[in-house]
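The values are calculated or read from the model by the stated rules, or taken from the named source; none is laboratory data. Note that the structure is predicted; figures quoted are calculated from it, not measured. All Cβ positions, even for glycine, are placed from backbone atoms using ideal geometry, and neighbour counts span all protein chains on display.
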Amino acid sequence: MNERIRKLREQSLSAKPSISLERARLLTSFYADGQADGTSTPVARAMALSHILSHKEICINDGELIVGERGPSPKATPTYPEICIHSEEDFTILNSREKITFNVGEADRQVQRDEFIPFWTGRSMREKIFASMSDVWIAAYRAGVFTEFQEQRAPGHTVLDDKIYHKGFLDFQDEIKRSLERLDPATGSEAQAKKEQLTAMHIAADALIHYAERHAGRLDQLAVTEVNLDRRAELEAMAANCRRVPAHAPKSFWQALQYYWFVHLGVITELNTWDSFNPGRLDQHLYPFYRREIAEGTLTDQRARELLQSFWIKFNNQPAPPKVGVTAQESNTYTDFCLINLGGVKPSGENAANELTYMILDVIEEMRLLQPSSMVQISKKSPDRLLHHALKIIKTGYGQPSLFNTDAIIPEMLRQGKDLIDARNGGASGCVETGAFGKESYILTGYFNLTKVLEITLHNGVDPQTGKQIGIATGDPSEFTYFDELFAAFRLQLKHFIDIKIDGNRIIERLWAKHLPAPFLSLLIDDCIANGRDYNDGGARYNTSYIQGVGLGSVTDCLTAIKYHVFEQRTFDMNELLAALDSDFAGYETMQKQLRHQTPKYGNDDDYADDIMRRVFESYFLLIDGRPNTKGGHFRINLLPTTCHVYFGRVIGAMPDGRPAGEPLSEGISPVQGADRRGPTAVLKSAAKIDHLRTGGTLLNQKFTPQMLESDENLKKLGHLIRAYFTMDGHHIQFNVVSAETLRQAQERPDDYRDLIVRVAGYSDYFVDLGVDLQNEIIRRTEQGVG
Amino acid sequence: MTRRGIIFNIKRYAIHDGPGIRTTVFLKGCPLDCWWCHNPEGRNTDPECFGQDTGRDCLIGREVSVEAVFHEVCRDSVFYDQSGGGVTFSGGEPMMQIGFLEDVLTACRREGMHTALDTCGYAPTEDFARIAGLVDLFLYDIKLMDSDLHRKYTGVPNHLILENLHYLSGNGNRILARLPLIPEVTDTDENIAAVAEFMAQNKALREISLLPFNTLGRDKFRRFHLPDRMGTPRELSPERIERLTESFHQRGIAVGTGG
């Protein structure tokens, strides 16, 4: 990388994340001054965004080529008090906790206490949600049966398609006008609601155009005083870029990147969309600009690379907004889950990899930044060269890119009723979630603790951690004669809690639609403009609500152990087992050893355990898939944990797989940590017994020591391993390439390993920033190739 | 009546035992007694208890049917198909259980599976004749060209081994020679030159894998309370391996390492 990029990268790496109250201040004054009075909610939201973008500080960093920061400076991170309000204590914790800290100034703490907390209390979405939930929902939530994403983050999970590279925001406004003209006044209140929504979108479009013009104005000023003539010319070109985009379609590679970046800032300033918005198929979107400009001689590979590197740094400058409440004590993550997609297939179905795909892979390798995350879609049409190139980067131990199976992603979408072309233009985002880019709202609604449900089943509806009856009475398990009785009880309990979760989600969807529409995001996702409906209210072409199952490996091993030892081998009876669990195996060490080491386990290509996994999967799938949400779409499942398997483990006592109380559960669809003893092919065979095509994404983590990947020959074999998994419809696989020894050293001497990035779940993170539980778990995950 | 055999391990995702992704079946029993043996638990034909290891790990070796082994090996077919891999029989010395080996090879071949045999070559030539048509690739150890030294370090002379090598190469079998680089035993200039010269005389022997000595065997000697005759050998420097490689290259023989 050149000197400019080196400096910008260094600035990004060394900038301390901080809380910026700029957005909160502007938003509060907007509402407090009565500017929203008398307007509809969507219009007020659009005006609020306009107010923020018109008044927020413009930040242009020395030497940069793409401009715009979410806060007043790199890594200055806003709050969203209309969604959730940080308490004074939250700020203290954020400022002082060891990991994932955010600097909070003393003055800011006071303003938060004296102005923002009093103003927003009673108005925030989080309060509205908790006030609207049933007692059974609250009890299950508190027990850790499930989590709820939308209590702190906006339902923004979506990714952009190619539309902004063909159309400017003025074109979107033309579409809005046509949509307004089509409104049928005879429909009365419906037409009025659509008119308000479309008007709000129009205002939101103006807001971003104006925001770009403000950057142009500042760049003009900087150009006048710039003494370096080269830089002056750059500043003038950048000012011209900001006048061209987002108002008009971009004409150059450079403008395309700048355009996307303004759009990105618009989305993440309007709301704090979790699993963040990103450009999606970047190698596809930029390729026409690249080809044309290379041919015309207005762009060189070197310049294209430099612009991409600048673009990467912009993502890294935006840490994920920190959470509120008790969770502030957890270390969490700075990553905001932007997952750039490379490779895959074209809309015509042909292999999509091009020269830019490889250039972007090189940029990823060279930049080695936490954000954005990246992935490569491999289809059967993808050349081996693409897979091999990705593996060479993975081999360096940086945890990126992850690998996805295009030939699973497409049928997953077709099964959900999506158009083939929309599916080919889609991909995966966040951790592993399948989506039709630019056309779908696919919301993660929360994690679901499958193993906790079994614990409650084993106690006849009572949560043994609190002694409270939070489930239904499904029978005393010691009276069951057959394993199938236990499984039936588990299934009933599962249905009970899934019903609670879905009932809650339906209410929460309505709260967001009513109180916090997203007119800016609605500009970008088909067919919100054509439908005159908000993204948060079913305006998108496809509307999917996901519930993410966690602990499939753990719950499988628990059920397998009970079937094997209690009902078949009769090694011990149910009462003995329950007594052992209640005492956390104290005095039952032999039994714990048997449960751990002398029991069939998921992840070993052993049908005894894997068949039970299939039964759990079928139950979870059938209880959720296809149930309607309130946005014209459906509930679906996927299987990914992020880091929630650690929290979910903490709320569960000792379990029949031999796991002691409080330990993490298995993550994603990976086997229980250390349970897979038959090598990677056996893990993949077990994992492939899941019907991936009926999910919206599964996450499989595999750890390799570097020795396994030393030679090109071994790397090729790893490529074959992945191809074989994908032949069996596997959705995704990712690799940690480190030795346990290295990780232990990193634990002991974190200062020496601050640059060590590892795969956590659907993303990578700095190892030293992880909590000690998670660090230990990553160390424990089965190492392949030992002995 | 199906034949049964004694195996002591089945390793999946074996990536050092022939082309592609393979499953390696370790058959128990070996006629040699190499000082540097990596798998001392594979020497005796019968299942036996080793060391003080806990519970079930103690007993090494189990009796299995041809069908059971074949079934296990088939589990990874999807990976073989993708990678051009297959099954490898190793040990121990698989030729010690020739009847069982022949049956399993026949079953695998019927399935169209690529088969490899990792052998020390010390078995009756008529036994090799029985399986020569069932094996796609022989991974054939050439340790020491001096028969006296061969006897000293492995317990047997090398005449039969070299005779069988001639037989198989004359029979048109594909052979990948493998030479464990044991410091000061097999990696001497004299031995390397002799191996290279021997191979140069035989047009069917065009490739050799040099397997650098590792300490895996020593860990097992300790674990199983077996005498360690190797002591602490000097390390093989990359320069030395480079020089040994050159001896083969000069005679037109391709060299791989670690495979």
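Among the numbered conditions (1) closer than 30 Å to residue A:97 by Cβ; (2) out of contact with any Asp or Glu (no Cβ under 7 Å at 6 or more places or on another chain); (3) at pLDDT 95 or above, tell me where residue A:301 comes up short.
(1)
Quick one: residue A:708 ticks every box in (1) modelled with pLDDT under 90; (2) part of a loop (DSSP other than H, G, I, E, B) except a single one, so which number is it?
That leaves (2) as the condition not met.
Sort out which residues of the range A:215-230 are buried (at least 16 other Cβ atoms within 10 Å of the Cβ) and either closer than 19 Å to residue A:298 by Cβ or among the basic types (Lys, Arg) (or both), and write them in order of number.
Scanning the range A:215-230 gives a single hit, A:218.
Cβ contacts < 6 Å: first residue more than 23 Å from residue A:60 (Cβ to Cβ) and modelled with pLDDT of 95 or more, restricted to the range A:201-214; second residue hydroxyl-bearing (Ser, Thr, Tyr) and part of a helix (DSSP H, G or I), any location; separation 6+ or different chain. Result?
Sorted first by the residue in the range A:201-214, then by its partner, the pairs are A:201/A:522; A:203/A:50.
Select from the range B:14-60 the residues that are within 13 Å of chain A (Cβ to nearest Cβ), farther than 30 Å from residue B:84 by Cβ and in a loop (DSSP other than H, G, I, E, B) and write down the one among them that is modelled with the lowest pLDDT.
It comes out as B:54.
If residue A:526 meets every condition in (1) within 22 Å of the chain's Cα centre (by Cα); (2) farther than 29 Å from residue A:123 by Cα; (3) assigned to a helix (DSSP H, G or I) apart from one, which number is that one?
(3)
Could you tell me which residue of the range A:135-185 is nearest to the chain's Cα centre (by Cα), considering only residues that are basic (Lys, Arg) and under 30 Å from residue A:649 (Cα atoms)?
Initially, the range A:135-185 is screened for residues basic (Lys, Arg), giving A:142, A:153, A:163, A:167, A:177-178, A:182.
If we keep only those that are under 30 Å from residue A:649 (Cα atoms) too, we end up with A:142, A:153.
Numbers: A:142: 23, A:153: 11 Å.
Among those residues, the one meeting the criterion is A:153.
Output the residues belonging to the range A:418-443 that are among the hydrophobic types (A, V, I, L, M, F, W, C) and either part of a loop (DSSP other than H, G, I, E, B) or under 21 Å from residue A:403 (Cα atoms) (or both).
In the first step, residues of the range A:418-443 are kept if they are among the hydrophobic types (A, V, I, L, M, F, W, C); the result is A:420-421, A:423, A:428, A:431-432, A:436-437, A:443.
Those that are among the hydrophobic types (A, V, I, L, M, F, W, C) and either part of a loop (DSSP other than H, G, I, E, B) or under 21 Å from residue A:403 (Cα atoms) (or both): A:423, A:428, A:431, A:432, A:436, A:437.
Would you pick out the residues in the range B:85-109 that are touching a Phe, Trp or Tyr at 6+ places or on another chain (Cβ under 7 Å) and assigned to a helix (DSSP H, G or I)?
Hits for the range B:85-109 are B:101, B:104, B:107, B:108.
Can you pull out the residues in the range B:71-84 that are assigned to a helix (DSSP H, G or I) and in contact (Cβ under 8 Å) with a residue 12 or more places away in the chain? Walk me through it before giving the result.
Step one: list which residues in the range B:71-84 are assigned to a helix (DSSP H, G or I), which gives B:71-74, B:77-83.
Listed by number, the residues that qualify are B:72, B:73, B:74, B:77, B:79, B:80, B:82, B:83.
Return the pair list, or none, for Cβ contacts closer than 7 Å from residues in the range A:29-47 that are on the phi < 0 side of the Ramachandran plot to residues that are among the acidic types (Asp, Glu), at least 6 apart or on different chains.
Listed pairs, sorted by first residue: A:40/A:196; A:42/A:196; A:42/A:534; A:43/A:196.
Output the residues belonging to the range A:282-326 that are under 24 Å from the mean Cα position of the chain (by Cα) and without any contact (Cβ under 8 Å) to a residue 40 or more places away in the chain.
Here is the first cut: in the range A:282-326, the residues under 24 Å from the mean Cα position of the chain (by Cα) are A:282-286, A:308-326.
Of everything in the range A:282-326, just one residue is under 24 Å from the mean Cα position of the chain (by Cα) and without any contact (Cβ under 8 Å) to a residue 40 or more places away in the chain, namely A:326.
Can you find, within the range A:667-707, the residue that is nearest to residue A:443 (Cα to Cα) among those that are touching a helix residue (DSSP H, G or I) at 6+ places or on another chain (Cβ under 6 Å), within 14 Å of chain B (Cβ to nearest Cβ) and among the hydroxyl-bearing types (Ser, Thr, Tyr)?
Out of the qualifying residues, it is A:686.
Pick out the one residue from B:87, B:66 that is surrounded by 17 or more Cβ atoms within 10 Å (Cβ to Cβ), touching a helix residue (DSSP H, G or I) at 6+ places or on another chain (Cβ under 7 Å), touching a residue at least 12 places away in the same chain (Cβ under 8 Å) and within 14 Å of chain A (Cβ to nearest Cβ). Break it down stepwise before answering.
Values: B:66 fails: within 14 Å of chain A (Cβ to nearest Cβ).
Among B:87, B:66, only B:87 is surrounded by 17 or more Cβ atoms within 10 Å (Cβ to Cβ), touching a helix residue (DSSP H, G or I) at 6+ places or on another chain (Cβ under 7 Å), touching a residue at least 12 places away in the same chain (Cβ under 8 Å) and within 14 Å of chain A (Cβ to nearest Cβ).
Would you mind stating whether residue A:265 is surrounded by fewer than 24 Cβ atoms within 10 Å (Cβ to Cβ) and assigned by TED's automatic domain parsing to the domain that holds residue A:369?
On the way: surrounded by fewer than 24 Cβ atoms within 10 Å (Cβ to Cβ): yes; assigned by TED's automatic domain parsing to the domain that holds residue A:369: no.
So residue A:265 does not fit the description; no.
If I ask for residues that are within 14 Å of chain B (Cβ to nearest Cβ) and not in a helix (DSSP H, G or I), which ones from the range A:601-643 would you list?
Those that are within 14 Å of chain B (Cβ to nearest Cβ) and not in a helix (DSSP H, G or I): A:603, A:604, A:605, A:606.
Looking at (1) of a type outside the set (Phe, Trp, Tyr); (2) out of contact with any Ser or Thr (no Cβ under 7 Å at 6 or more places or on another chain); (3) touching a residue at least 24 places away in the same chain (Cβ under 8 Å), which is the one condition that is false for residue A:591?
Every listed condition holds for residue A:591 apart from (3).
Does residue A:360 fit the bill of being modelled with pLDDT under 95, part of a helix (DSSP H, G or I) and among the hydrophobic types (A, V, I, L, M, F, W, C)?
Here the answer is no, as residue A:360 does not meet what is asked.
Could you tell me whether residue A:188 is within 30 Å of residue A:347 (Cα to Cα), at pLDDT below 95 and either among the small types (Gly, Ala, Ser) or within 30 Å of the chain's Cα centre (by Cα) (or both)?
It is false that residue A:188 is within 30 Å of residue A:347 (Cα to Cα), at pLDDT below 95 and either among the small types (Gly, Ala, Ser) or within 30 Å of the chain's Cα centre (by Cα) (or both).
Can you tell me which condition residue B:11 does not meet? The list is (1) within 12 Å of chain A (Cβ to nearest Cβ); (2) more than 29 Å from residue A:593 (Cβ to Cβ); (3) without any contact (Cβ under 8 Å) to a residue 24 or more places away in the chain, and all the others hold.
(2)
Within 14 Å of another protein chain (Cβ to nearest Cβ) and either in a strand (DSSP E or B) or not acidic (Asp, Glu) (or both) - does that describe any residue in the range B:110-122? Full working, then the answer.
First pass over the range B:110-122, keeping only residues within 14 Å of another protein chain (Cβ to nearest Cβ): B:114.
Then keep just the ones that are either in a strand (DSSP E or B) or not acidic (Asp, Glu) (or both); that gives B:114.
Yes: the range B:110-122 contains one or more residues that are within 14 Å of another protein chain (Cβ to nearest Cβ) and either in a strand (DSSP E or B) or not acidic (Asp, Glu) (or both).
Does residue A:741 count as part of a helix (DSSP H, G or I), within 11 Å of chain B (Cβ to nearest Cβ) and surrounded by fewer than 18 Cβ atoms within 10 Å (Cβ to Cβ)?
Working: part of a helix (DSSP H, G or I): yes; within 11 Å of chain B (Cβ to nearest Cβ): no; surrounded by fewer than 18 Cβ atoms within 10 Å (Cβ to Cβ): yes.
No.
Show the residue pairs meeting these rules: Cβ distance below 8 Å; 6+ apart or different chains; first residue within the range A:720-732 and more than 9 Å from chain B (Cβ to nearest Cβ) and under 18 Å from residue A:668 (Cα atoms); second residue among the hydroxyl-bearing types (Ser, Thr, Tyr) and outside any helix (DSSP H, G or I).
Correct list of pairs: A:730/A:698; A:731/A:434; A:731/A:695; A:731/A:698; A:732/A:402; A:732/A:698.
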